[in-house]
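Report on the structure given below.
Read-outs throughout are calculated quantities, based only on the coordinates presented, and are distinct from any laboratory measurement. Here the structure is a predicted model, which means the values were calculated and not measured. Cβ coordinates were reconstructed from backbone atoms using ideal geometry, including for glycine residues, and neighbour counts include every protein chain displayed.
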Amino acid sequence: MNKNEAGAVILRIVLGLTFFIHGFVKFQGGINNTVGFFDSIGIPGFLAYLVAGIELIGGIALILGIGTRIVSVLFAVIMLGAIFTVKFPLGFLGNGQMAGYEMELALLAMAIFLAFANQSRFSLDNKVFNKEEGK
């Protein structure tokens, strides 16, 4: 394993863990709170279930290396939504009461990187769907 591949694996696991925890907390804290928040900012509340589900299931998938490109694209869409619907008006560092979009931008960059990165040898996708025989 070279340095770039090791870095990509670490990035994939950390991004997956981050989204998994965010999705878990949305359900643990009562998904109705997130539904209410979505409604309050003009986003249909049912999308809270979709976002939390993608974060939870996608986080696990990313940690395991299943569907990395697809999950990464979904995470990028979620981050773009968060930045432009909630965080952008607060500025990069926030307004002193709420955080800005710096974390969402970093997670977006990580997701975009993984969407374009080569498949890792250390993923379930590679073990199950390896196209190269004998490896």
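Values as computed for the structure displayed
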{"quantity": "Given the chain, longest segment not containing exposed loop GluC sites (Glu not before Pro) (DSSP; at most 11 other Cβ within 10 Å)", "calculated": "1-131"}
{"quantity": "Using alpha-carbon coordinates, inclination of helix 102-116 to the longest axis of the chain, degrees", "calculated": "30"}
{"quantity": "Charge dipole magnitude, Cβ of K and R +1, D and E -1 - the chain, Cα centre, debye nearest 20", "calculated": "280"}
{"quantity": "Under 21 Å, Cα to Cα: Lys pairs in the chain, sequence gap 8 or more or different chains", "calculated": "4"}
{"quantity": "Unit charges at the beta carbon, dipole of the chain: most positive-side option, Gly65, Gln97, Leu17", "calculated": "Gly65"}
{"quantity": "Sum of -39500 (n - 2.57) over DSSP H runs of 4+, divided by residues of the chain (222 nm, nearest 500)", "calculated": "-22000 deg cm²/dmol"}
{"quantity": "Normalised contact order of the chain, rounded percent, pairs of Cα under 8 Å and 6 or more residues apart", "calculated": "25"}
{"quantity": "For the range 13-69, average projected area of the Cα convex hull in nm²", "calculated": "3.8"}
{"quantity": "Förster radius 22 Å - calculated FRET efficiency between Ile41 and Phe116, Cβ distance, rounded to 0.05", "calculated": "0.10"}
{"quantity": "0 to 90° range, to nearest 10: angle between helix 47-64 axis and the chain longest Cα axis", "calculated": "30"}
